1. Hey, which of the helices (runs of 4 or more DSSP H) in the stretch 4-80, taking only ones fully inside, have at least 2 residues that are more than 19 Å from Leu110 (Cβ to Cβ) and either without any contact (Cβ under 8 Å) to a residue 60 or more places away in the chain or not assigned by TED's automatic domain parsing to the domain that holds Arg105 (or both)?
2. State which residue is nearest to Tyr323 (Cα to Cα) when the search covers only the stretch 236-292 and only residues that are surrounded by fewer than 20 Cβ atoms within 10 Å (Cβ to Cβ) and hydroxyl-bearing (Ser, Thr, Tyr).
3. Pairs only if they're at least six apart or on different chains, beta carbon under 8 angstrom, first in the stretch 425-446 and over 22 Å from Glu349 (Cα atoms), second among the basic types (Lys, Arg) and assigned to a helix (DSSP H, G or I); list them, first residue then second.
4. State whether one or more residues within the stretch 209-229 are modelled with pLDDT of 80 or more, small (Gly, Ala, Ser), surrounded by 14 or more Cβ atoms within 10 Å (Cβ to Cβ) and on the phi < 0 side of the Ramachandran plot.
5. Checking Glu452 against (1) exposed (fewer than 11 other Cβ atoms within 10 Å of the Cβ); (2) closer than 30 Å to Tyr323 by Cα, only one condition comes out false. Which one?
6. Go through Arg105, Arg84 for me and flag whichever is free of Cβ contacts under 8 Å to residues at least 12 places away in the same chain and of a type in the set (D, E, K, R).
7. If you go through the stretch 93-100 one residue at a time, do you hit one that is more than 29 Å from the chain's Cα centre (by Cα), buried (at least 19 other Cβ atoms within 10 Å of the Cβ) and at pLDDT 75 or above?
8. Which is at pLDDT 80 or above, in contact with a Ser or Thr (Cβ under 9 Å, 6 or more places away or on another chain) and more than 13 Å from Thr34 (Cβ to Cβ), of Ser65, Ser85?
Amino acid sequence: MAPQRSGEVQLVTSENAESFFSNTDKPLKAILFTKKTETPNLWLRVAEAQKERCIFGEIRDGETSLMGQFGMTEDVLPKVVAVRSSTIPGQVERIVYDGPNDLERICEFLHDAIEGGPLVVELRREVQDLNRELRGLRAEAQAQADAVEAARAETARAKLGQVGQVDAVRKRLEGELAEVQARESSLTQRLASLEEEHAAAVAGLTEERDSMVREVAAIKEVHERAVVEICAGNYPSFQRSTVRPLKALLVTTKPDVPLLWQQLAEAQTLTTSFGIVRHTDAELLALLGTPVETLPRILLYANGEENPIVYSGIVTFEAISSYLEESVSGGEVCMDLRNRLDQAIMAEEAARDECAKVLKAAEASAEERDRTHGEEVRGLRDVIESLKKQLKDACAGAGEELRGVRMDTERRFAEAAAINEGLKQQLLAERAATRQAVQEAVIRLEADHRLERSEWEEALQGAEEVESQITALTGAVRATEKAVVRAASAVHVTLVRSARENERMRSSLSEFISDVAPAQIEPSLAYDPAAAQ
C-alpha cells in the first residue's frame, strides 16, 4: 500500500511503514509525531524548504505500534525525529529534535543530521547550551558590575566612619566580579575551541560523505544485476560492499553464468551478493590465489573480511542455499561447522561408494570362484564319462577290474563333491564376512555423522547463548548510560540552584547595605561636641 501524501509530507501508517523506511532515494527521513488530525503548516513549510534532501513523514498518535517502536508517548508530542543510515551495516540512527518550533532551527537541525549525523547535532546542541550559559554569565557579570557601582555610590555617601567596612565589601565584590570575568573568559575560549572542533568535524564528515557517495556510485553499478561480472577493476568495490551481509564469488571456466548460480542469486538476493569470475582473468585469479586447475571454486566473503572461505560442500541448490542462510545467521562458527558437516557427509558417501565397490568386487570374486568351481566339476564329470567309456570299451568281460575302476571313480567323484562343498562353504563364509564388514563400516559412519551433528548443534546453542549474553550486556550498558545522563542532569540542576541561591544572597547583601549604611551615617552627622561636654 502506497503512503498517503499531503503535499511533500507522507502519512505513515502500520500498513505502509515498511515501504516508507525502505525508501533510499534521499539520505534522510524526517518524521513528525503529532496529536493533530491535519498536517501542521510549519511542517509543510519545513518539507517545502528541505524537499530536495529529505523524505518527510507524519505519524499520528493513533498509530500505537509505530509510536512504541520509537519510544513515543502522547504526553511528549509533538516531536520531530530524523532517521538516517548508520555507518554500521544494517542499522539506522535516530536523532530526536529538542529545540523550539521554529522553521530556521528545524531546518538547521535537519541540515546537521544530513551532514554529520548525531555527532554534529550533539555538538550544535552543546554550542547552543554554552552560548546560553555565556549569555547568563554576562548578564550576571553586568548585574555584579551594577551592584559594584551601587556599592561604590553607597560607600561614597557613608565613608564617614565606615571606610573600612565599605572597602571590605567593595574588595569582596570586585573579587567576585574578577572571578566572574575569569569564568566568562574561560567559557569564551571553550566556546571558540568547540566551534573549531565543530568546523573540523563538519569538514571531515563532508569529505567522508563525498568519498562514500563516490563509492556508493561504484557499488550501485556493481549491484545492478543479480550476478555481477567481476574483474580486477571492480573486485575491490565488490569486496568492500556492505549492501548485503555476505558475498559469494564463483570462479569458473564456463563462458556463461551457470543456471544453478543464477537460481541461487535470485533466491538469496536479500542476504548475499553474487559475482562470477572468468578463468581468462589471470590477474584476478592470481590475486585470489586460485589456479585454473582447481576450478570451479566458490569463495565466500563476510562483511569486513578480506580472506575468503572456500566452499567445499555438496554442489546442489539445497546444500549451497542452506549453507548461505546458516552463514548469514550464525557467522563463521556456523560456516566452519557446516563445512565439517559437508565434509563428513561427503566422507560418508565416499565410504558408501567404497563399500559398494568392495561388495561388488567380492560378488565378482564369488562369481569367478563359482565359475571356476563349475568348470572343475564339469572337467571331473568329463573325466568320469571318459573313464566309463574306456571301461565299457576295454573291460567288457573283466568284472573284477570293472568293480575296482568303479570304486576308484566313485571315490574320485566323492572327493570332487567334498571339494565342491568345501568351496561353497568357504564362499558363503567370505560373503557373510564381507557383508558384516560393510554393515559395521556403515554403522561406524552413521555414528560419526550423529556425533558431528550433535557437536554442531551444541556449538550453535553456545553461539545463541553468547548472543543472548551480548544482548543483556548491551542493555546493561544502555541502562548505565541513562543513569550517567540522569546524574549529570541532577548535577546541572544543583549547580543552577546554587547559582540562584548565590544571587539571592548578593541581593540580600545589597539590600542590607542599603538599609544599614544610612542608619550608621545619621548618628555620626548628629554628633555635637559642645553638647557632649
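1. 17-21, 64-69
2. Top of the filtered list is Thr271.
3. Leu427/Arg369
4. no
5. Evaluating Glu452 over (1) exposed (fewer than 11 other Cβ atoms within 10 Å of the Cβ); (2) closer than 30 Å to Tyr323 by Cα leaves (1) as the failure.
6. From the options Arg105, Arg84, the qualifying one is Arg105.
7. Checked the stretch 93-100: no residue is more than 29 Å from the chain's Cα centre (by Cα), buried (at least 19 other Cβ atoms within 10 Å of the Cβ) and at pLDDT 75 or above.
8. Ser65
The values are calculated or read from the model by the stated rules, or taken from the named source; none is laboratory data. Keep in mind that what you see is a predicted model, and the values were worked out from it rather than measured. Please note: Cβ atoms are built from the backbone with ideal geometry, for glycine as well, and neighbour counts cover all protein chains shown.
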